[in-house]
Amino acid sequence: MKIGFLGGGQVGQALWEVIQKENENILNLLGEPLEIKKVLVRNLSKPRIIPNYYLTNKPEEILDDYEIKLVIEVMGGEEPAYSFIKRAIENKKYVVTANKEIIAIHGDELLKLARKKGVDLGFEASVGGGIPIIKAIKEGLVLDKIKEIWSILNGTTNYILTNMEENKAEFSSILQEAQEKGYAEPDPYKDISGLDSVYKIAILSSLAFHTTIKPKDIFREGIEKITLRDIEYAKSLGYSIKLLALAKEENGALEIRVHPTMIPQNHLLSAVRGVNNAILFKEERRGNIILYGPGAGPKPTAMALLSDILELSYSILHSHPRYYNFAYLYPSDLKPWGEIKTRYYLRFWVQDRPGVLAQIAKILGENNISIASVIQKETNIENEKAEIVILTHITYEKNIQKAISEIQKLPILVEWNSLIRIEV
Ligand code: NAP
Ligand code: HSE
């Protein structure tokens with residue numbers, strides 16, 4: 001069966017390689033081999049493992065070729081990838097993609113179009129790298145009542161945070177390492193800013209809660225402001241800092257958020273190190289289920305693509321499309337951001353003189369925020385400033401935001417540093 005790739009970069013080349021290596025097994029599974037007819041790239045003269053003969057810079061050589069039944073999109077970004085996928089589906093081609101941005105933003109529309117055209121769209125590789133998470137949620141957990149998803153969905157940021165924690169490494173040098181290993185997005189801002197995790201949790205929540213979650217409605221904070229000092233404080237208090245993607249359902253209302261989070265060092269997700277990802281489902285009847293594995297990297301991603309390619313090729317060869325999708329059924333009811341409740345870590349510098357802590361405590365008390373612990377390390381008296389770290393009990397986000405804006409107006413505040421949410 002003839003297939004075409006849109007993209008021949010890190011992931012495209014790993015997929016090329018694995019299809020060559022596995023073609024005998026593929027033949028045994030499908031009854032015919034997969035034949036890669038063309039690979040779309042931008043730069044025809046860039047060195048790559050794919051022979052030049054297969055390369056093209058003309059999308060129509062794939063999108064309008066009636067012999068190509070299945071298109072694999074591994075270009076990245078919203079445009080022109082979205083228009084190419086749409087055109088392929090309109091031309092009645094099956095599509096497999098690793099592009100979470102497109103599935104998160106346009107998945108509902110593209111899946112409806114695919115159904116109308118009698119084809120299918122696979123997106124296993126869009127979330128969790130090599131972890132078979134989409135099949136797990138669509139099939140293994142089908143009809144389960146998922147109440148919460150706690151997840152680490154970005155390999156690059158987990159790799160950076162782990163190296164900061166374990167080796168006190170500097171942010172920029174580790175990001176470069178993650179790029180060299182092929183973990184980062186073509187635009188690494190999407191990793192660091194939490195956008196990539198937002199796309200992924202939008203996809204998982206749409207499937208888990210049978211609704212349509214759009215990335216723009218998800219609260220997002222990235223890891224740009226996380227410092228070695230916060231990581232050290234977290235460690236000394238018995239916590240790790242992770243970029244968590246959280247989704248919780250309570251009486252029909254959803255809360256979905258991506259932000260750096262302090263979790264206890266003995267929490268299951270705290271053990272997720274380096275490029276690995278993990279997804280913990282809290283389910284009403286089964287209890288807790290966790291899936292763990294490499295969350296990025298060309299080879300694991302190629303394997304996730306290959307599993308979709310085999311499933312969809314089987315459908316094509318046996319005229320048997322399988323519309324097995326519980327996403328996008330109901331409207332979503334998202335909690336307003338101020339109504340979420342959690343614990344908080346606050347760090348800031350104040351003038352070191354009598355009555356200062358009392359002023360802070362008064363503001364927190366007036367906003368109904370209860371203090372769980374306070375740290376003020378002794379500093380040289382000549383410094384005339386002191387660093388305060390406060391951990392709160394559970395409170396509303398709207399209360400903490402109001403308290404912080406009041407603290408920031410106090411004349412005794414020298415420097416505001418950090419707010420990190422705590423989940424236990
Ligand atoms: P990449 O190395 O930058 O590769 C992108 C490929 O697409 C390149 O071959 C590039 O051509 C081609 N391309 C981009 N824009 C094009 C255009 N307008 N016209 C023609 N060709 C174009 O990216 P990647 O790391 O392989 O990632 C690809 C996709 O996989 C992304 O959606 C990413 O989110 C997803 N993904 C990646 C990973 C990972 O670990 N890397 C994991 C899961 C999912 P040139 O080579 O000529 O520049
Ligand atoms: N850049 C992404 C990550 C690739 O680091 O998780 C996998 O989707």
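Values computed for the structure shown
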item: Anchor K138: lysines whose Cα lies under 21 Å away (excluding residues fewer than 8 positions away in-chain); result: K100, K112, K116, K147, K200, K214, K248, K282
item: 11 Å beta-carbon shell around K385, net charge (K/R +1, D/E -1); result: -4
item: 25 Å Cα-Cα reach of K385 towards lysines, excluding residues that sit fewer than 8 places from it in its own chain; result: K225, K235, K362, K377, K402, K409
item: Whole-number Å³ per residue for the convex hull built on Cα positions in segment 55-132; result: 94 Å³
item: Hull volume in cubic angstrom per residue (convex hull over the Cα atoms of segment 218-288); result: 110 Å³
item: DSSP bridge pairs, the chain: antiparallel proportion in percent, nearest 5; result: 70 percent
item: Mean Cβ neighbour count within 10 Å, used as a protection proxy, ranking 155-165, 105-115, 357-367, 275-285 highest first; result: 155-165, 275-285, 105-115, 357-367
item: Three-way shape label, segment 133-294, alpha-carbon gyration tensor, a/c 1.5; result: prolate
item: Selection from N57, G12, I105, by position along the positive dipole direction of segment 1-113 (Cβ); result: N57
item: The chain - percent of accessible surface contributed by carbon and sulfur, probe 1.4 Å; result: 51 percent
item: Simple Cβ-charge dipole of segment 251-391, Lys/Arg +1 and Asp/Glu -1, about Cα centre, in debye nearest 20; result: 240 debye
item: All-pairs alpha carbon distance profile, the chain, 20 Å steps from 0, percent; result: 25, 50, 20, 4, 0
item: Sum of -39500 (n - 2.57) over DSSP H runs of 4+, divided by residues of the chain (222 nm, nearest 500); result: -11000 deg cm²/dmol
item: Debye, to nearest 20: dipole size of the chain, +1 on Lys, Arg Cβ, -1 on Asp, Glu Cβ; result: 540 debye
item: Only Lys, Arg (+1) and Asp, Glu (-1) charged, at Cβ; segment 339-422 dipole about Cα centre in debye; result: 320 debye
item: Sorted peptide list for 326-337, 87-98, 235-246, 173-184, criterion being average Cβ within 10 angstrom, highest first; result: 87-98, 235-246, 173-184, 326-337
item: Listed residue (L410, F84, L334) projecting farthest to the positive dipole end of the chain, Cβ model; result: L334
item: Amide H contacts of F219 (H built 1.01 Å from N, under 5 Å, at least 5 apart or other chain); result: I256, V258
item: Å² of accessible area per residue within the chain, as computed with a 1.4 Å probe and no ligands counted; result: 44 Å²
item: Hydrodynamic radius of segment 1-112 per Kirkwood, over alpha carbon pairs, in Å; result: 14.3 Å
item: Formal net charge of residues neighbouring E124 (Cβ-Cβ distance under 10 Å; K, R +1; D, E -1); result: 0
item: Residue (of L195, T211, Y292) at the positive-pole extreme of the chain, dipole from beta-carbon charges; result: T211
item: All-pairs alpha carbon distance profile, segment 339-422, 10 Å steps from 0, percent; result: 18, 55, 23, 4, 0
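The values are calculated or read from the model by the stated rules, or taken from the named source; none is laboratory data. Keep in mind that what you see is a predicted model, and the values were worked out from it rather than measured. Here the Cβ is made from the backbone with ideal geometry for all residues, glycine too, and neighbour counts use every protein chain on show. For accessibility, only protein heavy atoms count, side chains too; no ligands or nucleic acids. Shrake-Rupley method; radii C 1.70, N 1.55, O 1.52, S 1.80 Å.
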